[in-house]
Amino acid sequence: MARTVQSKRKPWVKNLYSNREYPDNYTDVSFLKDLRTNLNVRFYTFAEAVAGISVLNNQISCITGFLILYHLMLNDTVAPTSILVPTCVITGIGYLFYRGKSLSMKLLGEDSKTLVTVLLFGYMFSPMLHTLTQAISTDTIYTMTFFVMLFNLMFADYGLDVAMVSKAISLNGAIFGAICLASRLSTSYHAFVLLVEAAIFFVLYPILTAGTWHAIFMLPIFVICCTTLYFISRPVMHLYACTTLFVNFICPLIFVQYQRYKFNIHGPWDEAIVEENTDENLDENL
Amino acid sequence: MRICMVSDFFYPSIGGVEEHVYNLSQMLLALGHKVVVLTHAYGDCTGVRYVTNMLKVYYLPIKVCYNQCILPTAVCNVPMLRAVLLREQVQVVHGHSAFSALAHEALMVGALLGLKTVFTDHSLFGFADLSAALTNKLLEINLSMVNHAICVSHIGKENTVLRARVAKHRVSVIPNAVDTALFTPDPSQRPQEGIINIVVASRLVYRKGIDLLAGVIPRFKNTPNINFIIVGDGPKRDLLEEIREKCNMQERVEIVGAVEHAMVRDVLVRGHIFVNTSLTEAYCMAIVEAASCGLQVVSTCVGGIPEVLPNSLILLVEPDVDAIYNAILVAIERHRRHESSCAETARSKRRRRKKGNVLPSAVPEPPKHADEAVLCPYRCNELVETLYNWEDVARRTVKVYERVIKESAFTLSELIYAVNQCGSWFLVFFVVAHFMLLLLEYWRPRNRVEAAFELTPKSARDHKQSSKVFM
């Protein structure tokens with residue numbers, strides 16, 4: 001307790017050995033003067049938040065698109081070949097766009113080797129994958145697909161550097177879901193096409209969008225998904241539209257509103273940050 | 001006064017908290033108080049034991065969960081803690097370390113039994129991450145049931161006041177101390193012929209800034225008469241060994257590994273300069289021990305370190321490889337100048353000291369300015385002795401005890417109100433603990449609890465035992 005300070009007392013110094021005349025629980029006026037708040041805190045505008053969240057919406061729409069294709073094939077509305085050919089063409093265009101100027105014959109050769117291997121093995125194994133989960137009841141399959149797709153959403157890489165992100169879990173979830181669904185289709189050729197689509201939607205598409213994503217892309221994707229769902233099922237369309245709009249506009253609004261409660265304390269007790277030595281940077285530091 | 005020290009950390013484990021509890025207990029015993037220590041069982045080390053000077057230690061049979069801490073259940077150990085506290089007729093429960101779940105539980109039981117509670121916080125905490133937020137909440141709840149808190153540095157006090165929202169006047173600052181009679185210099189152990197030894201003694205973990213050290217060592221690749229001695233063990237040891245290999249410094253960087261605390265002095269006296277690269281530290285006993293052994297100390301300026309030693313004993317630098325390197329160069333330069341100025345006379349004196357008893361009277365002139373570096377090892381030791389000693393720490397702690405004894409104990413409604421203020425969810429545990437105590441009061445009423453047999457050093461001698469283990 002700050003007693004009435006006697007005039008003869010030495011001034012209080014912030015060290016542990018010289019304030020003999022002061023009681024141990026004395027609190028000096030300089031207490032907490034090094035306290036800083038919200039040093040590195042960034043405040044986001046609503047527009048930034050909306051643009052940022054569209055990455056998540058893109059992933060939701062990606063899953064929706066894949067499920068739409070599955071539904072089209074399940075009801076035999078569209079033949080598998082008429083799905084496979086256009087998507088392959090689009091993928092080819094996407095590939096050229098992705099490689100851009102760095103495209104060379106050597107690179108093309110290597111990439112096509114990978115492509116042929118994947119397609120060949122996919123085609124060879126599709127009868128087996130088709131029957132792999134056939135004995136499981138449809139309800140179980142759909143529930144399982146729901147959960148693994150949820151995992152895909154949760155662990156997908158949205159460009160954040162946090163422990164939660166795991167590309168492996170995310171991709172495995174999606175592929176596992178695709179294999180589950182493949183067993184409900186009529187022939188193994190259907191199953192093969194579905195797996196190819198899964199690869200395109202969950203492997204190649206994220207690679208492309210990771211570098212070139214812009215929030216405005218969400219608009220055509222949203223329109224396409226809504227239109228297709230309109231012909232498949234109205235309630236699902238409403239559900240999709242509501243979810244997307246909620247995620248894209250209401251959530252950022254809440255986030256921006258609650259930003260004023262940000263209160264980050266910094267002070268001398270914070271751990272100093274140093275670059276950790278890893279195997280990669282060890283040699284340059286020598 | 002009858003005091004019960006509670007902490008998960010006690011001998012046979014080794015560290016800053018353990019040492020603090022042990023030394024403080026010994027001093028309190030010497031001052032004529034009755035002290036018991038409460039900790040969990042360490043492997044075979046279980047039951048009631050007596051250590052030096054009849055310090056009674058209860059190793060409670062509780063399983064260790066993580067990092068030498070018991071599982072924080074809040075209520076499961078209530079009967080055992082109550083039994084110990086009542087049998088020993090404790091007046092003040094003194095918990096140590098925010099990481100110790102046992103300390104928190106004992107403080108709650110103590111508060112519910114109407115005893116006085118004191119808590120010593122030995123560490124600093126950030127506010128940024130999730131684990132810190134969780135620990136801070138628990139600390140806040142527990143400190144709301146504590147009469148008085150003690151921190152080891154002023155930074156620690158600021159930190160504790162902020163994260164646990166305790167009233168400022170309920171927090172005292174009482175530093176750690178070092179036994180300067182144990183950590184004495186011995187220049188004869190240092191290498192001759194102009195070789196300079198740089199000593200590092202810490203656990204080899206990220207928080208101790210071993211990555212900085214790994215950046216500093218290669219800079220001395222081409223200065224052949226600078227050697228490193230590194231004491232301690234931990235996950236970063238591989239990194240240091242790799243660096244040593246890559247720089248071809250196998251001869252010059254000695255990695256000793258983990259060393260018993262009593263042996264640390266033997267390594268320290270071999271060095272001229274002590275380097276501490278911690279990234280955060282509430283008090284840092286290592287630098288005081290090193291200064292007491294007469295080494296020049298180079299340390300990062302983080303946490304409570306700037307408060308610990310006067311500028312004449314320490315070189316403070318930013319936590320950065322270049323800054324540490326430059327400071328070490330300054331320290332080497334100082335040492336060389338000191339060596340050359342200490343002419344023949346000093347050297348002959350030192351030779352005499354090697355044989356005869358060490359007498360710190362024959363030291364060179366003390367420096368004129370307060371900030372001027374003190375280089376004579378014996379003078380360093382004297383200086384540290386004037387700054388810190390355990391007796392002073394114990395007396396100041398006793399003052400805190402006397403203060404809380406005078407305060408009125410928390411009533412149940414006060415406690416419930418306080419807990420409700422910081423985190424109402426904890427009331428679940430609190431209420432369970434309270435009813436358990438009521439039940440126990442019914443089964444084993446307080447006035448019929450048998451008091452523990454008092455073993456004084458004299459009666460112990462009658463039992464033809466001095467400081468060995470009793471069961």
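Values quoted throughout were computed directly from the atomic coordinates according to the rules given, and no laboratory measurement underlies them. Keep in mind that what you see is a predicted model, and the values were worked out from it rather than measured. Note that each Cβ is placed from the backbone with ideal geometry, even for glycine, and that neighbours are counted across all protein chains shown.
Here are a few things to note about the model shown:
- Rg followed by Dmax, in Å, when the range B:97-204 is reduced to its Cα trace: 19.2, 65
- With respect to chain B, whose longest principal axis is taken over its alpha-carbon atoms, helix B:390-406 is tilted by about 20°.
- Note that the range B:187-388 carries a Kirkwood radius of 17.2 Å, evaluated over its alpha carbons pair by pair.
- Longest site-free stretch - chain B; sites: trypsin sites (Lys or Arg not before Pro), DSSP loop, at most 11 other Cβ within 10 Å: B:64-367
- Geometric extent, Cα atoms of the protein assembly as shown - Rg, Dmax (angstrom): 33.7, 104
- Distance violations [Cα-Cα > 32 Å] among A:Lys33/B:Lys34; B:Lys63/B:Lys116; B:Lys116/B:Lys208: A:Lys33/B:Lys34; B:Lys116/B:Lys208
- Residue by residue along B:172-180, Cβ atoms of other protein chains within 10 Å of the local Cβ number 2 on average.
- DSSP beta bridges in the protein assembly as shown [antiparallel fraction, %, rounded to 5]: 20
- Estimated Rh, the range A:55-213: Kirkwood, alpha-carbon pairs, angstrom: 16.5
- Applying a length cut-off of 27 Å (Cα extent along the axis) and a mean Kyte-Doolittle floor of 0.0 to the DSSP H helices of chain A leaves A:46-74, A:80-99, A:105-132.
- Per-residue packing, averaged as other Cβ atoms within 10 Å, sorts the ranges B:119-126, B:70-77, A:82-89, B:15-22 into the order B:119-126, B:15-22, B:70-77, A:82-89, beginning with the highest.
- The C-alpha atoms of chain B define a longest principal axis, and helix B:154-164 lies at about 40 degrees to it.
- A simple spin-label model places pseudo-atoms 7 Å from Cα toward Cβ; at B:Met1 and A:Leu32 they are separated by 2.8 nm.
- The trypsin sites (Lys or Arg not before Pro) found in the range A:68-174 include none that occupy coil by DSSP while having at most 14 further C-beta atoms within 10 Å.
- Normalised contact order of the range B:98-183, rounded percent, pairs of Cα under 8 Å and 6 or more residues apart: 28
- Among B:Val6, B:Val173, the ranking by other beta carbons within 10 Å of each residue's beta carbon, starting with the fewest, stands as B:Val173, B:Val6.
- Take each peptide in B:287-293, A:141-147, count the other Cβ atoms within 10 Å of every residue, and average; sorted highest first, the result is B:287-293, A:141-147.
- Counts of other chain beta carbons within 10 angstrom of each beta carbon in peptide A:25-33 average 5.
- Per-residue 3J(HN,Hα) values for the range B:423-435, derived from phi via the Karplus relation 6.51 cos²θ - 1.76 cosθ + 1.60 with θ = phi - 60°, read x, 5, 4, 6, 4, 3, 5, 4, 5, 4, 4, 5, 6 Hz in sequence order (x marks Gly and Pro).
- Degrees between helix B:130-143 axis and first principal axis of chain B (Cα, 0 to 90, nearest 10): 60
- Karplus-derived 3J(HN,Hα), 6.51/-1.76/1.60, for each residue of the range B:78-94, Hz, glycine and proline x: 4, x, 5, 5, 4, 4, 5, 4, 6, 4, 8, 6, 5, 9, 10, 9, 10
- Look at the stretch B:319-330: the mean tally of other chain Cβ atoms within 10 Å of its residues' Cβ atoms is 1.
- Across chain B, Cα-Cα pairs farther apart than 38 Å form 31% of the total.
- Antiparallel DSSP beta bridges within chain B, percent to nearest 5: 15
- Mean separation of Cα contacts under 8 Å, 6 or more apart, over the residue count of chain A: relative contact order %: 32
- Between B:Ala262 and A:Val223, the modelled label-to-label distance comes to 8.3 nm, taking each label 7 Å out from Cα in the direction of the beta carbon.
- Per-pair calculated FRET efficiency, R0 = 35 Å: A:Ala79 and A:His214 via Cβ, rounded to 0.05: 0.55
- Length-normalised contact order of chain B in % [C-alpha pairs under 8 Å, at least 6 apart]: 17
- Each of A:Leu103, A:Leu72 was scored by other Cβ atoms within 10 Å of its Cβ. Arranged with the fewest first, they read A:Leu103, A:Leu72.
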